Amino acid sequence: QVQLVESGGGSVQAGDSLRLTCAAGGAFSSYVMAWFRQAPGKEREFAAAINWRGGSSYYADSVKGRFTISRDNIKNTAYLQMNSLKPEDTAVYYCAATTSWGSWQPKRYDYWGQGTQVTVSS
């Protein structure tokens, strides 16, 4: 099992940057880590994922080139660096964990944090 706690959200202007942090308890290095987001009235959507050692990552087209996912298996922490933020990035951001690589659907992820709000104004 792994317990996940996100932090780092906030309210920013378009074009600004934020870094989200996901602190994990448990067998962190055994899990693929991902970030999802959910805007009001919309379904939860995949943003980015990173494999167990951090050697591979995958991004949704909507964030590719602007967001970077990373992890530190010593600190049991995953990160999402978000640059060039847009109003459409406004959402609650969740980190999630799964044991297998290659799935970007929320139902494939076993563990979730409580979420952190990101609001981007124009």
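The values are calculated or read from the model by the stated rules, or taken from the named source; none is laboratory data. Owing to the predicted nature of the structure, the values given are computational and were not obtained by experimental measurement. Every residue, glycine among them, receives a Cβ derived from its backbone with ideal geometry; neighbour counts consider all protein chains shown. Please note that ligands, DNA and RNA were not included when accessible areas were found on the heavy atoms of the full protein model with its side chains. Shrake-Rupley method; radii C 1.70, N 1.55, O 1.52, S 1.80 Å.
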Accessible-area composition of the chain, carbon plus sulfur, in percent [1.4 Å probe]: 45
Calculated P(r) tail over 26 Å for the chain, as whole % of Cα pairs: 12
Accessible area, probe 1.4 Å, largest first, for residues Asp61, Asp72: Asp61, Asp72
Heavy-atom surface of the chain, accessible at 1.4 Å and reported per residue (Å²): 50
Formal net charge of residues neighbouring Val63 (Cβ-Cβ distance under 11 Å; K, R +1; D, E -1): 0
Two-site FRET efficiency, Ser29 against Ser121, from Cβ-Cβ distance with R₀ of 41 Å, rounded to 0.05: 0.65
Distance (nanometres) between label positions extended 7 Å along Cα→Cβ at Trp101 and Lys64: 1.8
Hits among lysines - C-alpha to C-alpha of Lys42 under 24 Å, sequence gap 8 or more where chains match: Lys64, Lys86, Lys107
Label-reachable residues, the range 83-122, where backbone N falls under 17 Å from a point 7 Å from Asp16's Cα toward its Cβ: 83-93, 116-122
Size of charge dipole - the chain - debye, nearest 20, with Cβ of Lys, Arg +1 and Asp, Glu -1, no other charges: 180
